[in-house]
Each structure stands twice: as structure tokens, then as C-alpha cells.
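Scroll down for the structure; my scribbles are underneath it.
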Amino acid sequence: MSFTPEEMSKLKTYLEKKFKCSGIAVKKREKAEDSIEVMVDGEFVALIYKVTEEGETSYDLNMCILDIDLDEAA
């Protein structure tokens, strides 16, 4: 399921407000239409999947955090 430019813009704005971060960007993936990439200050951090069931649409944010990333943050 693909994302419209309007959806992508709204998701970007939502994430910026929710996380109080102005360095967020969203972009289409090259080989997949079922999700978009979330970038923070140019670094990939997550994927957003679009889910439509029973006439309702939701967006699933999937973020993988490696244990080595936690060590660097400490």
C-alpha cells in the first residue's frame, strides 16, 4: 500500500510535534511501497507501515534499537 505525498507530509509534521524534533524527514523507499523511511538529522531510524482494516487506516512505526547503540548513548 503506497503513501501519498499528503500522508507523508502529515506524518512528518506529527512526528516533529510528538518528539519535539525539527530534524525529522520521511522518504519513500526505493524497492518497497508498503512503508516509508524515517530519518533524523539524515540518519535512518525507523520505518512506518500503513495498515488499512475495516475501512480505518493506521500507521505503524517500527524502530529497531541495537544494544551497541545503547552503549554509545550511555
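Structure above, values below:
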quantity	calculated
Ascending count of other beta-carbon atoms within 10 Å, so fewest first, for Ser35, Ser58	Ser58, Ser35
Pairwise Lys count, the range 5-73 - Cα closer than 18 Å, eight or more residues apart or different chains	13
Whole-number percent relative contact order across the chain, with pairs defined as alpha carbons under 8 Å at least 6 apart	20
Simple Cβ-charge dipole of the range 5-73, Lys/Arg +1 and Asp/Glu -1, about Cα centre, in debye nearest 20	400
Residues Ile48, Ile65, sorted so that the one with the fewest Cβ neighbours within 10 Å comes first	Ile65, Ile48
Among Cys64, Val40, Met8 the positive-end extreme of the charge dipole of the range 5-73 (Cβ point charges)	Met8
Candidates per GluC sites (Glu not before Pro) in the range 43-74, loop by DSSP, up to 13 other Cβ within 10 Å	Glu54
Approximate spin-label separation Tyr14-Asp67, in nm, with each point projected 7 Å along Cα-to-Cβ	3.3
In order through the range 37-52: 3J(HN,Hα) via Karplus (6.51 cos²θ - 1.76 cosθ + 1.60), integer Hz, x for Gly, Pro	8, 10, 10, 10, 6, x, 9, 5, 10, 6, 10, 10, 9, 9, 10, 10
Sparse-neighbour loop sites [trypsin sites (Lys or Arg not before Pro); the range 6-74; at most 10 other C-beta within 10 Å; DSSP]	Lys20, Lys31
Cα-only Debye scattering, the chain: base-10 log of I(q)/I(0) at q = 0.12, 0.13, 0.21, 0.22 Å⁻¹	-0.36, -0.42, -0.98, -1.05
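Only the coordinates and a few stated rules stand behind these numbers; no lab work does. On a predicted model such as this, the values are computed, not experimentally measured, just so you know. For neighbour counting, all protein chains shown are included, and Cβ atoms are generated from backbone atoms with ideal geometry for every residue, glycine included.
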